[in-house]
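Here's the structure, in structure tokens; my notes come after.
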Amino acid sequence: MPPESHVVTISRFLIDEERKYPEATGAFTSLLSDIALAAKVIGREVNKAGLVDIFGAVGHENVHGEDQQKLDVFANQVMYRALDHTGLVACLASEESEELISIPAKFPAGEYVVIYDPLDGSSNIDVNVSIGTIFSIHRKITSGARGTLEDCLQPGSRQVAAGYILYGSSTMLVYTSGTGVHGFTLDPSIGEFILSHPDMRMPEPPKKVYSVNEAYFTRWSRGQQLLVSHLKNEGGFGSRYIGSMVADVHRTLLQGGLFMYPPERAQPEGKLRLLYEAAPMAMIIEQAGGRASTGTQDINDITPTGLHQRVPIYMGSKEFVALSEEMLAAE
Ligand code: AHG
Ligand code: MN
Ligand code: MN
């Protein structure tokens, strides 16, 4: 344990960052603090999931036709309630809500658009495997007082910040605001996120690990099949797949490797959503020195056409993403 004066809480870190920009109003710092608070509340319930009978489908499906778990509903509400009244947010969008979420008229609206996947990897809840929350922040670009769909449908390259919370063996918050990636670990004894991973960079050389649901092998294109066969045979890669994007990408960030959610013949756009999952995780990976591609273009170059659009994902160490693009193009 470092001496106490070296313990940097997330609040102190955010304030120190804010001081570097004399024009900063403090709004962004406040917004991230609100998200960190929501993360602690969600994390507390996630940690209790085995103690109380909180898991199990709540009885209706989300907009993607998937069973919604109770914790998804809870996490969705916590994110909304942490952000709706602050006067910092123009509008919200959640993976669990079909439409854009407006700020209620009784509250002032602000300049930031917050897009989130409140609970990622929710099928892992009832088996006590890591899950996460993902967030993406844009600045409002339209001139009206309140945010609109147009404000949400901005390419990932215009995100002002992105991050995730991993509810793993410890709870971690990892974020970037475009000047590196910083990771904080929750100290449950004091309820504070403490800076544990300053300026995270993907390791060079990277660990040779690919991460994909290989059970779908027969549904893949020939190029995708050849890519994975090459990685494990000639490439000498190992494989790790948790089935929670946040956890799989977090490992990829720390160790290097390649995370994929490829297109399938019957589902050419893949499964994962551009706005809630792909774009924010792509910004983090890029900020840490990696790359994120659909196989044919950088994920964060895409201008979204809908809130729930899906994209194929190849993200991780630069050289492995480049190899994927090459092998997919060759077929
Ligand atoms: P969500 O729980 O938010 O719907 O996300 C599900 C995810 C993602 O975390 C993971 O990478 C992927 O679905 C796993 O899908 P498969 O079960 O098809 O491998
Ligand atoms: Mn998800
Ligand atoms: Mn989700």
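Odds and ends about this structure:
- Residues located in region 108-127, provided they are within 15 Å of ligand 1 (Cβ to nearest atom) and assigned to a loop (DSSP other than H, G, I, E, B): G121
- Subset of region 251-306 that is part of a helix (DSSP H, G or I), among the charged types (D, E, K, R) and touching a residue at least 40 places away in the same chain (Cβ under 8 Å) - its residue that is farthest from ligand 2 (Cβ to nearest atom): D301
- In region 99-122, the residues that are among the aromatic types (F, W, Y) form Cβ pairs under 6 Å with partners that are within 16 Å of ligand 2 (Cβ to nearest atom) and not in a strand (DSSP E or B), at six or more places apart or across chains, as follows: Y116/M79.
- Qualifying residue in region 317-327 (condition: on the phi < 0 side of the Ramachandran plot and under 15 Å from the mean Cα position of the chain (by Cα)): no
- Answer from V113, V41 - the residue that is under 27 Å from I190 (Cα atoms) and either modelled with pLDDT of 95 or more or assigned by TED's automatic domain parsing to the domain that holds E150 (or both): V41
- Residues in region 123-136 that are surrounded by fewer than 24 Cβ atoms within 10 Å (Cβ to Cβ) and within 13 Å of ligand 2 (Cβ to nearest atom) were compared, and the one that is modelled with the highest pLDDT is S130.
- Residue that is modelled with the highest pLDDT [pool: residues in region 44-76 that are surrounded by fewer than 16 Cβ atoms within 10 Å (Cβ to Cβ) and among the small types (G, A, S)]: G50
- Top-ranked residue of region 222-250 - restricted to ones that are touching a residue at least 60 places away in the same chain (Cβ under 8 Å) and under 20 Å from I284 (Cα atoms), ranked as surrounded by the fewest Cβ atoms within 10 Å (Cβ to Cβ): G243
- Options A322, A292: the member that is of a type outside the set (D, E) and either at pLDDT below 95 or within 22 Å of Y216 (Cβ to Cβ) (or both): A292
- Qualifying positions in region 264-286 - surrounded by fewer than 22 Cβ atoms within 10 Å (Cβ to Cβ) and touching a strand residue (DSSP E or B) at 6+ places or on another chain (Cβ under 9 Å): Q267, E269, G270, K271, L272
- The residue that is farthest from N124 (Cα to Cα), counting only those in region 235-280 that are within 13 Å of ligand 1 (Cβ to nearest atom) and of a type in the set (D, E, K, R), is E264.
- Note on region 167-219: residues that are closer than 20 Å to I42 by Cβ, within 16 Å of ligand 1 (Cβ to nearest atom) and of a type outside the set (A, V, I, L, M) amount to 2.
- Every pair of residues 6+ apart whose Cβ atoms lie under 6 Å, when the first sits in region 141-164 and is aromatic (F, W, Y) while the second is not in a helix (DSSP H, G or I): Y164/G132; Y164/I134; Y164/V174
The values are calculated or read from the model by the stated rules, or taken from the named source; none is laboratory data. It should be emphasised that the depicted structure is a prediction, and the values quoted were computed from it without experimental measurement. Cβ coordinates were reconstructed from backbone atoms using ideal geometry, including for glycine residues, and neighbour counts include every protein chain displayed.
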